[in-house]
Amino acid sequence: MPTLNRCVLGLVLGLTQMACGANALGGAWLFADRNPTWEAGPPDLGYQTAVGTVTLFRSDGQLLRLSCQLYRDSETSPVAVELKSGYTVSIGHWRVLADEKLEIKLRLVTAEKVGTPINKSQPLPGDEKTEMWTMTGGDSPSNAKLVITSQGEQRPLSSIKNRSEFDRLVKRYLR
């Protein structure tokens, strides 16, 4: 009987998570660029590509921002991250301030296959930067409808098509 109770509890928790929003990932919330410039991928492959940013907010206050190539099969399909063409990862912390404001402290921790002029290279990890972001439609990343960052607007992201690749980055950079 305890096994049945655990199964029922797991089902209830899973349904609750779905009801609370598709981007609720066990105490973590995903946001992606609201309007990236999508372009057709290589002919006959049937997908679109854009340069964009995905931000992961964790309930413990940690944050990961991934800038990379994004892919999708259609306007309604899940977004996929592509790391082979190069990417940057910034990590840090977030906290809610008054009036739907977020204080973000983050630093660049890796830049893979990203070209920079030799005379302008940045040592890693980079210096910590503080930014003020604004949420609309909610008082925390768990229920915000939009986050306005220093780089533009981000909307809740319901899923990532190749989630395991993203999760590997999260495990590598967030403890």
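The values are calculated or read from the model by the stated rules, or taken from the named source; none is laboratory data. All figures in this text were calculated on a predicted structure; none of them were measured in a lab. Note that each Cβ is placed from the backbone with ideal geometry, even for glycine, and that neighbours are counted across all protein chains shown.
Odds and ends about this structure:
- Qualifying position, being modelled with pLDDT under 90, surrounded by fewer than 17 Cβ atoms within 10 Å (Cβ to Cβ) and under 14 Å from the mean Cα position of the chain (by Cα), among Pro78, Pro43: Pro78
- Hits in region 36-61 - residues which are more than 18 Å from Thr88 (Cβ to Cβ) and small (Gly, Ala, Ser): Ala40, Gly41, Gly46, Ser59, Gly61
- Against the criterion of being surrounded by 15 or more Cβ atoms within 10 Å (Cβ to Cβ), within 22 Å of Leu169 (Cα to Cα), of a type in the set (Gly, Ala, Ser) and at pLDDT 90 or above, Gly92 qualifies.
- For Ser159: the one exception among (1) hydroxyl-bearing (Ser, Thr, Tyr); (2) farther than 17 Å from Phe31 by Cβ; (3) in contact with a strand residue (DSSP E or B) (Cβ under 9 Å, 6 or more places away or on another chain): (2)
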